[in-house]
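The values are calculated or read from the model by the stated rules, or taken from the named source; none is laboratory data. Bear in mind that the values here come from a model prediction, so they are computed numbers and not experimental data. Here the Cβ positions follow ideal geometry from the backbone for every residue, glycine too, while neighbour counts run over all protein chains shown.
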Amino acid sequence: MITLSSTGVYLANGTSVYTDSQQLTHETGLSVDHDAAVRGTMAYRILQAHNTSDSMDALCLRFDSMTSHDITYVGIIQTARASGMTSFPMPYVMTNCHNSLCAVGGTINEDDHKFALSAAHKYGGIYVPPNLANIHSYNREAMAGCGKMILGSDSHTRYGALGTMAVGEGGGELAKQLVGRTYDFNRPPVICVYLTGKPKPGVGPHDVALSLVGAVYQNGYVKNKVMEFVGPGIANLSLEYRNAIDVMTTETTCWSSIWVTDEKTKEYLAMHGRPEDYHPLAPEAVAYYDGCITLDLSSIECTIAMPMHPSYTFTIHELQENAADILHSVEERANAQLKGVHMDLLSKLRGGHIYVDQGEIAGCAGGTFENICAAADILRGRSCGNGAFSLSIYPGSMPALAEVIRNGAASDLISAGALMRECFCGPCFGAGDCPANGEFSIRHTTRNFPNREGSKPGEGQISAVALMDARSIAATAANGGRLTAASDLDIRYTNPDYHYDAGIYEKRVYNGYSRPEPEAPLQFGPNIKDWPEMPELTEDLLVRICSYITDPVTTTDELIPSGETSSYRSNPERLSEFALSRRDPDYVPRSKVLRKAERDRKNSQTLSPEILAVYDALTRAGIANDPLHTDIGSAIYANMPGDGSAREQAASCQRVMGGSANFARQYATKRYRSNCINWGMTPFLVEHPESFALGDYIFVPSLRSALLSGQKTIPAYIVHADGSVTSLNTSVGDLTDIEKQIIVDGCLINYYRNHQ
């Protein structure tokens, strides 16, 4: 059972939750000072230790280390170089786990890896070679520690179970840290996650995580907040079990997470050669939280998240009992969102059973030592069958792979027909083991968004992905692809000990932290290009709505597809051609027209008849305008854009393609909104988006002055296709002074260039 409190709560002695302070005092004898209780959370103390400002309400954070993978680090380093960086001021881990297999584009993926190694030498970084570890497994094993903060350019940067508050953000925020600036953020609310009970046999961490996501995603209960895990149930979870729950907190839309630490945390860090990184973490005797999620681990059942979101959750038994109705409703919801294709799940229902075509156990969530060993316990002596169903295992790291080879788990899986693969994140982001058209895949990975499974709706290609725990995936494999809950099998789980081999990393990882080699050259491949010049914001802004998306949520994978397109991530112009390509293929050609118009304006060339007609309509409506000194750009509207990945390319590709603004009812995550700001795009909020349409122009007079002055409501005018003009009220929400200046300067690079 999962329950959500409707009010704030007090936690006493880390064990008892109260909504009333007087009752707390009466039952425990503890006095309650509300302000002191607010300061009593683990999150508050860690934030306080990393805050450089005089205010705990307006945080200016410096992190202990940073991490990026091979989709993001080139852009970050290029941004920081252009902003004046001469060395990495903190440990910066660069892993190569996303584009280590994808061969699209020839040599360009390995060229980026060589660039990262040369950057590690030049600036003093940490380089993890391809297929040695995925980003989060390495940081758990080598970097996380109690009381630390880590910033990563991957949204699943979560190491709370190891006592580390970790944050996934867009590349601009990492570039700020590299040039000595801070991460500026109003102190987030903290939500207590109170765990009780013990998981049933066969119920794994993904079952718990998916149940949690299903309970809080839609209602926004933890959006942009810290989830603080406490309660007696924690003691019943191994450290790896906690890690696998924790990494999925990203899918709740929380900002970060932190867990109570204990002897199991201490043992994990000692086993990984870092006993000094252990410190006991717990709330104070009385701590106040802005809300509380109570989760009884013993009530969690084997769970599945159906296409196309981790929050579309059902218990596997519920799905089996109502298969036709649920499959039909999932189909309808998916097909309402997809364009040009039809998802067919009812065909997977045969003889009263649901059959799937593929299983994947992979990466930071699924490819842990314990998950792989549990899958081996289920499949030992059994067979995946020689039908269409296939099972692949992607360990999170080579140390984990080495241990399952040593203890025989890998052999058991291979003997059952499973494939042991590289330490690679591909199945999670659409670049590995893509199913065939029309197939249904079950995966212990972090996401099942559209485009994550390799679909190309514009080309008639569609497959479906559901998320499940490794144990139920193995149980399904044992039944030849017939969907099966692991709790339905009588399995003796061996729970073998893990022996970490630090030498695997010592032999291959280059650690140049604090030893930069300034004379070392950067190694560029032909695809690695500098960022193009971005225009600063003029006093007025004219944009055309070049994409209008009415889906409830728009993911970053829809804004810039993952998978093979990410091979071009080091070439801003080339990558921008893929912006919205799988959600709205006409966005790029529409936006290019506006990009050309802005270049014509900057070069004092005559504007197109269409844009001149827009200005004429404004003049006839009595609205003053100055066409030669007004920035012209494209914009998108989406109800709630930016769910999912932290990749800054979701915003930078719009900007490179001529984007000047986003319009939205709300932004799905802080990180996407920050990405828009760091790339000089105004993040407008609108209450009545129905007042404008695709192709309409929006004129925002005096925008520059309004932003710099902190004006709350910013009047704008819509020029409709018929030449009529109507008014529109917009706002931008809260912006820091630096964020305001970044937008008007045109992007983060310009800001640093202008304000050294």
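One table, with the values for the structure above:
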read-out: Any hit, region 577-591, residues being among the acidic types (Asp, Glu), within 19 Å of Phe692 (Cα to Cα) and surrounded by 20 or more Cβ atoms within 10 Å (Cβ to Cβ); value: yes
read-out: Selection count where residues are in contact with a Gly (Cβ under 8 Å, 6 or more places away or on another chain) and polar (S, T, N, Q), scope region 101-132; value: 1
read-out: Region 198-212 residues that are at positive phi, paired with ones that are modelled with pLDDT under 95 and part of a loop (DSSP other than H, G, I, E, B) (beta carbon under 8 Å, 6 or more apart); value: none
read-out: Failed condition for His279, given (1) over 18 Å from the mean Cα position of the chain (by Cα); (2) under 22 Å from Val17 (Cα atoms); value: (2)
read-out: Ala402 being within 30 Å of the chain's Cα centre (by Cα), surrounded by fewer than 23 Cβ atoms within 10 Å (Cβ to Cβ) and hydrophobic (A, V, I, L, M, F, W, C); value: yes
read-out: All positions within region 46-56 that are within 26 Å of Thr261 (Cα to Cα) and of a type outside the set (A, V, I, L, M, F, W, C); value: Gln48, His50, Asn51, Thr52
read-out: Identity of the residue in region 85-129, closer than 13 Å to Val509 by Cα and among the hydrophobic types (A, V, I, L, M, F, W, C), that ends up surrounded by the fewest Cβ atoms within 10 Å (Cβ to Cβ); value: Leu117
read-out: Flag for Lys348 being of a type in the set (D, E, K, R), surrounded by 18 or more Cβ atoms within 10 Å (Cβ to Cβ) and farther than 23 Å from Thr196 by Cβ; value: yes
read-out: Residue in region 732-751 that is aromatic (Phe, Trp, Tyr) and modelled with pLDDT under 95 present; value: yes
read-out: Residue satisfying condition, being in a helix (DSSP H, G or I) and either within 17 Å of Leu4 (Cβ to Cβ) or modelled with pLDDT under 95 (or both), within set Leu269, Leu212; value: Leu212
read-out: Members of region 316-339 found to be touching a residue at least 60 places away in the same chain (Cβ under 8 Å) and over 17 Å from Glu439 (Cα atoms), listed by number; value: Ile316, His317, Leu319, Gln320, Gln337, Lys339
read-out: Residue match in region 527-538 (condition: modelled with pLDDT of 95 or more and not small (Gly, Ala, Ser)); value: yes
read-out: Leading residue by the ranking (nearest to Arg421 (Cα to Cα)) among those in region 124-139 that are hydroxyl-bearing (Ser, Thr, Tyr) and under 21 Å from the mean Cα position of the chain (by Cα); value: Ser137
read-out: Long-range neighbours under 9 Å by Cβ, at least six apart or interchain, first residue under 11 Å from Ala597 (Cα atoms) within region 608-621, second part of a helix (DSSP H, G or I) and among the basic types (Lys, Arg); value: Ser608/Lys596; Ile611/Arg601
read-out: Filtered residues of region 212-230 (kept if surrounded by fewer than 24 Cβ atoms within 10 Å (Cβ to Cβ) and over 15 Å from the mean Cα position of the chain (by Cα)); value: Gly214, Ala215, Gln218, Asn219, Gly220, Tyr221
read-out: Residue among Arg704, Arg673 that is of a type outside the set (S, T, N, Q) and within 30 Å of the chain's Cα centre (by Cα); value: Arg673
read-out: Helices (runs of 4 or more DSSP H) contained entirely in region 557-670, each with at least 2 residues that are modelled with pLDDT of 95 or more; value: 587-602, 609-620, 649-656
read-out: Qualifying residue in region 699-710 (condition: farther than 25 Å from Leu612 by Cβ, touching a Lys or Arg at 6+ places or on another chain (Cβ under 6 Å) and touching a residue at least 40 places away in the same chain (Cβ under 8 Å)); value: yes
read-out: Subset of region 92-139 (residues that are farther than 16 Å from Ala362 by Cβ and in contact with a strand residue (DSSP E or B) (Cβ under 6 Å, 6 or more places away or on another chain)); value: Tyr92, Val93, Met94, Ala116, Leu117, Ala120, Gly125, Ile126, Tyr127, Asn139
read-out: Which listed residue, of Arg443, Arg471, Arg447, is among the basic types (Lys, Arg) and part of a helix (DSSP H, G or I); value: Arg471
read-out: Residue satisfying condition, being at pLDDT 95 or above and more than 20 Å from Ile2 (Cβ to Cβ), within set Glu301, Glu332, Glu276; value: Glu276
read-out: Qualifying positions in region 215-237 - of a type in the set (A, V, I, L, M) and part of a loop (DSSP other than H, G, I, E, B); value: Val222, Leu237
read-out: Filtered residues of region 259-296 (kept if in contact with a Pro (Cβ under 9 Å, 6 or more places away or on another chain) and either assigned by TED's automatic domain parsing to the domain that holds Ile473 or of a type in the set (Phe, Trp, Tyr) (or both)); value: Tyr289
read-out: Failed criterion for Met227 (all others in (1) modelled with pLDDT under 95; (2) touching a strand residue (DSSP E or B) at 6+ places or on another chain (Cβ under 7 Å) hold); value: (1)
read-out: Condition check for Tyr498: aromatic (Phe, Trp, Tyr) and either under 25 Å from the mean Cα position of the chain (by Cα) or not assigned by TED's automatic domain parsing to the domain that holds Gly426 (or both); value: no
read-out: Within region 432-464, tally of residues that are within 11 Å of Met343 (Cα to Cα) and in contact with a strand residue (DSSP E or B) (Cβ under 7 Å, 6 or more places away or on another chain); value: 6
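A quick yes/no check of all residues on (1) in contact with a Cys (Cβ under 6 Å, 6 or more places away or on another chain); (2) buried (at least 22 other Cβ atoms within 10 Å of the Cβ); (3) more than 30 Å from Glu506 (Cα to Cα); (4) of a type in the set (Asp, Glu):
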site: Trp259; (1), (2), (3), (4): no, yes, no, no
site: Glu276; (1), (2), (3), (4): no, no, no, yes
site: Val286; (1), (2), (3), (4): no, yes, yes, no
site: Thr294; (1), (2), (3), (4): no, no, yes, no
site: Ser298; (1), (2), (3), (4): no, no, yes, no
site: Ile304; (1), (2), (3), (4): no, yes, yes, no
site: Ile316; (1), (2), (3), (4): yes, yes, yes, no
site: Gln320; (1), (2), (3), (4): no, no, yes, no
site: Ile326; (1), (2), (3), (4): no, no, yes, no
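Residues checked against (1) touching an Asp or Glu at 6+ places or on another chain (Cβ under 8 Å); (2) more than 15 Å from Val93 (Cα to Cα); (3) surrounded by fewer than 24 Cβ atoms within 10 Å (Cβ to Cβ); (4) at pLDDT 95 or above:
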position: Asn131; (1), (2), (3), (4): yes, no, yes, no
position: His136; (1), (2), (3), (4): yes, no, no, yes
position: Leu151; (1), (2), (3), (4): yes, no, no, yes
position: Asp154; (1), (2), (3), (4): no, no, no, no
position: Tyr159; (1), (2), (3), (4): yes, no, no, yes
position: Met165; (1), (2), (3), (4): no, yes, no, yes
position: Gly172; (1), (2), (3), (4): yes, yes, no, no
